Structures are given as C-alpha cells and as structure tokens.
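Accompanying notes for the structure given below.
The values are calculated or read from the model by the stated rules, or taken from the named source; none is laboratory data. What you are looking at is a predicted structure, and each value in this text was computed from that prediction instead of being measured. Using ideal geometry, Cβ is built from the backbone for each residue, glycine included, and neighbour counts are taken over all protein chains shown.
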Amino acid sequence: MDEVTVLEIGREALLVILMTSGPIMGAGLLIGLIIALFQALTTIQEMTLTFVPKIIVIFIAIVVFMPFMMTTVIEFANTLFDRIATLG
C-alpha cells in the first residue's frame, strides 16, 4: 500500500464522516437559530428552552437519517474491505 492509497482512504473516510454527521449538525444548527431568534424576539431567556427542542430535533434527525448514514458507512466499509482483499 503506497502513500497515495493511504491518503485516498483518509480523504474518503473524512468525506464519509462529513456526509454522515452533516444532516444532524445541520438540524441542530437550524433549530438553534430558530430558538435564538425566538428568544431575541420575545426576550425569554429560559435555559431549558434551548436544550429540550435541540435534543428532540437531533433525535428525530438521527431516526430520519439513520438509513442514509448506515448505507454510507456500509458502502465505505465494503470498498475498504475490497481494497484490503486485493492487497493480499
């Protein structure tokens, strides 16, 4: 295995990490912005108002995007295992 292959595998691994974490991070960011806007408009500064909706939305995002995330990780693992099998 040469340096180019190792760098390519590392690049693909980072891409898979971004693809699997992106939708959940995006959902958390979006609900955070909505809550911050709501708090700024109503001057309600309740601490639990920020955490509870974020937890609920992130949990829903995990449930919704789980098939996509699993498919992406499984495809990456299969290509990685195929590369390992062709080396031996």
Quiz item: Quick one: in segment 31-67, which of the residues that are of a type outside the set (Ser, Thr, Tyr) and outside any helix (DSSP H, G or I) is nearest to the chain's Cα centre (by Cα)?
Solution: Met47
Quiz item: How many residues are polar (S, T, N, Q), free of Cβ contacts under 8 Å to residues at least 40 places away in the same chain and within 23 Å of Thr71 (Cβ to Cβ) when one looks only at segment 15-41?
Solution: 1
Quiz item: Would it be correct to say that Glu12 is over 13 Å from the mean Cα position of the chain (by Cα) and touching a residue at least 24 places away in the same chain (Cβ under 8 Å)?
Solution: yes
Quiz item: Among (1) of a type in the set (A, V, I, L, M, F, W, C); (2) in contact with a helix residue (DSSP H, G or I) (Cβ under 8 Å, 6 or more places away or on another chain); (3) loosely packed, with under 11 Cβ neighbours inside 10 Å, where does Phe76 come up short?
Solution: (3)
Quiz prompt | Filtered residue count, segment 38-52, keeping only those that are among the hydrophobic types (A, V, I, L, M, F, W, C) and touching a helix residue (DSSP H, G or I) at 6+ places or on another chain (Cβ under 7 Å) | solution = 1
Quiz item: What pairs can you find where one residue is in segment 59-88 and over 15 Å from Ile17 (Cβ atoms) and modelled with pLDDT of 95 or more, the other is part of a helix (DSSP H, G or I) and of a type in the set (A, V, I, L, M, F, W, C), and their Cβ atoms are less than 7 Å apart, with a gap of 6+ or different chains?
Solution: Ala61/Ile24; Ala61/Ala27; Ile62/Ile24
Exercise. Look at Gly22 and say whether it is surrounded by 12 or more Cβ atoms within 10 Å (Cβ to Cβ), over 11 Å from the mean Cα position of the chain (by Cα) and small (Gly, Ala, Ser).
Key: no
